[in-house]
4 protein chains.
Amino acid sequence: MPLNIHIHKVQFYETDLMGIVHHSNYLRFFEEARVAWAVSRGILDYQKPESASHLAVLETRVKHLKPAKFGDDLHVEIQAKIEKIRIIFEYKLFCQAKSADAISECRTVHVALDENLRPIKPPHLLKTILEKEKWIETWLSN
Amino acid sequence: MPLNIHIHKVQFYETDLMGIVHHSNYLRFFEEARVAWAVSRGILDYQKPESASHLAVLETRVKHLKPAKFGDDLHVEIQAKIEKIRIIFEYKLFCQAKSADAISECRTVHVALDENLRPIKPPHLLKTILEKEKWIETWLSN
Amino acid sequence: MPLNIHIHKVQFYETDLMGIVHHSNYLRFFEEARVAWAVSRGILDYQKPESASHLAVLETRVKHLKPAKFGDDLHVEIQAKIEKIRIIFEYKLFCQAKSADAISECRTVHVALDENLRPIKPPHLLKTILEKEKWIETWLSN
Amino acid sequence: MPLNIHIHKVQFYETDLMGIVHHSNYLRFFEEARVAWAVSRGILDYQKPESASHLAVLETRVKHLKPAKFGDDLHVEIQAKIEKIRIIFEYKLFCQAKSADAISECRTVHVALDENLRPIKPPHLLKTILEKEKWIETWLSN
């Protein structure tokens, strides 16, 4: 099952003059969920972020279905898989008080880098964990 | 007693290339605590932010004692008082895993505004609540 | 020709602890270019942002080719077109001191909304302007 | 004379649902000016930020006189001085299209740190430059 993670309540500083969450902040919400996923899997330690520091973001894609607003309580469902050397996450963002449907969907693609910032195979532990993850169905196409 | 509010874990997007939380984000942490305080006192409804929209920030002052880092679990102690038409909040930021002492202290000063953005007396409910608040001692001088 | 717009120098507050620009900020860079494009076309007035306030972001897609760093001088090439009621922008982000190639590419999709936040046809002026824009080639697939 | 530096036009992502610039962003504007000052004095190289990485922020103080809004063209006047081991900057933020008076004033206090994050004397070059700076008058009290 995809992991369901509570993120946080939307704050004033995440809104813009249109009265809704600025779209750039969604990538922050999804990162927050990705970090919580990595901590839950024992891949990342909140006190030792170095361990995560060589996973680069290759691509992000976000679909906006309904706006998030100040005070909304945000949840994220997240699923992960590995495809050759690429690590893929998909996310659904929910505001349960508003709707049973996702208000946003996202896909991010990552790759491990070596010291010279060249793409390499993911570390063994990460690979093993990713191969055990359940990927229900693809939410966003490539 | 000042209210003690858990804020959140520090996220990657709150750090900068020096490896610590960018100093501008502290004002966001303190706002997060101020909003939680206002909700706890029945002054603000997360679903109706309009109610808060005419309280302007006149002044902010932040002292940095120790840096906050990625993954730190932040708590804020907050106290409030009213002085004529000015509303004053003071904050202590804690990362309990690191130290019993505050890692940052802050003071913000606010005023209610009318439709034309002119300073007015605070709304009656806010005034009544502020007069009941306990102000232990002043943490930052004027 | 796509419009080439200078954005700004990368600031400390746009970097994260990995020493590079946090990926969420790229959407801010592209918005900065989109706004400058709209101003250059007479669609948006910097002093009257209301005019832009009913163009919603439906989707964003960003490819990261090389990291942007503190002090980098960023330029954006931007092109726009209209497809039925959807407005599509594509962007290439350049840091000329580093490379002649784009360091990031992006596609954002927008739609005009009515008072009730329902999708409508773009305003006439916007439509007329978009129909005159040159779309060289599609940089990112759907 | 204090240095006068153009910062940038206010962007959508710097506003909040109250329609004005979120107060946390002012510290970003002032940092932008401080960095430009350091570059203009030959202390900092945009391509080598490491040189600046051991100047910590000890304290910030911001007064808000008028709100900044989307599209405003911001200028900052900045002055600097050294007091023992503390480095002090003061700033006035202007939006010339609106008013000849500052819309915000700020004071930030910094200190150089050694490898173990302990306060030390500023590097010689920085000290020499700071001693030559003109400090017109103190804009904000301690």
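The values are calculated or read from the model by the stated rules, or taken from the named source; none is laboratory data. Not measured: the values here are computed from a predicted model. Quick reminder, even Gly has a Cβ in these numbers, built from the backbone with ideal geometry, and neighbours come from all protein chains shown.
Structure values in brief
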quantity: Subset of the stretch C:64-82 (residues that are within 11 Å of chain D (Cβ to nearest Cβ) and surrounded by 20 or more Cβ atoms within 10 Å (Cβ to Cβ)); calculated: C:70, C:71, C:72
quantity: Qualifying residue in the stretch D:16-25 (condition: at pLDDT below 95, farther than 30 Å from residue C:34 by Cβ and surrounded by 19 or more Cβ atoms within 10 Å (Cβ to Cβ)); calculated: no
quantity: Count of the stretch A:87-107 residues which are among the aliphatic types (A, V, I, L, M), closer than 15 Å to residue A:72 by Cβ and in a strand (DSSP E or B); calculated: 1
quantity: Subset tally (residues that are in a helix (DSSP H, G or I) and over 18 Å from residue A:77 (Cα atoms)) for the stretch A:111-142; calculated: 6
quantity: Long-range neighbours under 6 Å by Cβ, at least six apart or interchain, first residue farther than 15 Å from residue A:55 by Cβ within the stretch A:77-100, second of a type in the set (Val, Ile, Thr) and surrounded by 15 or more Cβ atoms within 10 Å (Cβ to Cβ); calculated: A:91/A:76; A:91/A:78; A:93/A:76; A:93/A:103; A:95/A:103
quantity: Whichever residue in the stretch C:96-110 is among the β-branched types (Val, Ile, Thr) and within 10 Å of chain A (Cβ to nearest Cβ) and, among such residues, is nearest to residue A:61 (Cα to Cα); calculated: C:108
quantity: Residue count for the stretch B:16-47, restricted to those that are part of a strand (DSSP E or B) and within 8 Å of chain A (Cβ to nearest Cβ); calculated: 1
quantity: Filter pass, residue D:61 being away from chain C (no Cβ under 14 Å), touching a residue at least 60 places away in the same chain (Cβ under 8 Å) and buried (at least 19 other Cβ atoms within 10 Å of the Cβ); calculated: yes
quantity: Filtered residues of the stretch A:1-15 (kept if in contact with a strand residue (DSSP E or B) (Cβ under 8 Å, 6 or more places away or on another chain), under 22 Å from residue B:39 (Cβ atoms) and in a loop (DSSP other than H, G, I, E, B)); calculated: A:10
quantity: Long-range neighbours under 8 Å by Cβ, at least six apart or interchain, first residue within 19 Å of residue C:34 (Cβ to Cβ) within the stretch C:115-142, second at pLDDT 90 or above and assigned to a helix (DSSP H, G or I); calculated: C:122/C:130
quantity: For residue B:87: the one exception among (1) facing another protein chain (nearest Cβ under 8 Å); (2) over 23 Å from residue A:25 (Cβ atoms); calculated: (1)
quantity: Filtered residue count, the stretch B:48-86, keeping only those that are farther than 28 Å from residue A:95 by Cβ, among the hydrophobic types (A, V, I, L, M, F, W, C) and outside any loop (DSSP other than H, G, I, E, B); calculated: 5
